[in-house]
Amino acid sequence: MTELLAECPLIVSLMLGVLAIGLLYGWLQTGKKPLAAAGLLVALCVPAAWAISENWVTDRERIEMVIHQLAIAVESNDHDTALAIIADEATQRQAAAELPQWIFSEAKVGSIRSIDITNDMDPAQADVDMTVKVQVSSKRGGMQNIRVPRRLLLTFEKRGDNDSIYGGWVVIRYRHLPIVGNADGYTTTPIPTSL
């Protein structure tokens, strides 16, 4: 319910609006003033729902912020910023070996298919399945400004400061592969996280 309030204010507002209209209609039919008061009170909750939604940042929204920040860093070929969001040393080395091979002229988040947060683990983890669109050139020559859609699987872990802009969410594993089909020559093999 909290995610519905924080992430879907339109649905909550529609439900509250229907309830308010129902209460006000009941007042018009019966003349009972408590129904009118309840209807007006519920109607006043609609802007409150929007205010709560604007100010309440959920873990899912924080993870989306990290994803978009990563895309900006990759697109601007700012490897240090991209690597700083990766907390696992082995995964960071994997990315540090892979990123410098390419010159990115575009890195856009396509669609985020799912963000599955597991809060019952300590620390909490989230698995993200998404698509990205990149335009890359190989530093070794050969490929120049090739547009490539990829499927990206990320594993996040919640570490550190909950009050930071990303709420402590960092990448601990990643894997990219073709949008459909089996692994290709560019597919990464995920490295187990260090214990």
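Computed quantities for the displayed model
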item	result
Residue list for segment 94-118, filter: in contact (Cβ under 8 Å) with a residue 40 or more places away in the chain and either among the basic types (Lys, Arg) or not in a strand (DSSP E or B) (or both)	Gln94, Ala95, Glu98
Where Phe156 falls short, out of the listed (1) open to solvent by less than 50 Å² (accessible area, probe 1.4 Å); (2) modelled with pLDDT under 85; (3) touching a helix residue (DSSP H, G or I) at 6+ places or on another chain (Cβ under 8 Å)	(2)
Where a residue in segment 22-47 is touching a residue at least 12 places away in the same chain (Cβ under 8 Å) and more than 18 Å from Leu10 (Cα to Cα) and its partner, wherever it lies, is among the aromatic types (Phe, Trp, Tyr) and open to solvent by 50 Å² or more (accessible area, probe 1.4 Å), with Cβ under 8 Å and at least six apart	Leu35/Trp27; Ala36/Trp27; Gly39/Trp27
Residue satisfying all of: in segment 113-150; buried (at least 16 other Cβ atoms within 10 Å of the Cβ) and in contact with a helix residue (DSSP H, G or I) (Cβ under 8 Å, 6 or more places away or on another chain); farthest from Thr58 (Cα to Cα) among these	Val134
From Ile52, Ile21, residue being more than 17 Å from the chain's Cα centre (by Cα) and at pLDDT below 90	Ile52
Segment 6-21 - residue that is under 14 Å from Glu54 (Cα atoms) and assigned to a helix (DSSP H, G or I) and, of those, most open to solvent (accessible area, probe 1.4 Å)	Leu10
Residues located in segment 95-117, provided they are among the polar types (S, T, N, Q) and at pLDDT 90 or above	Ser105, Ser111, Ser114
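The values are calculated or read from the model by the stated rules, or taken from the named source; none is laboratory data. Please read these numbers as outputs of a predicted model, since none were measured by experiment. For neighbour counting, all protein chains shown are included, and Cβ atoms are generated from backbone atoms with ideal geometry for every residue, glycine included. With ligands, DNA and RNA removed, areas are computed over all heavy atoms of the protein, side chains included. Shrake-Rupley method; radii C 1.70, N 1.55, O 1.52, S 1.80 Å.
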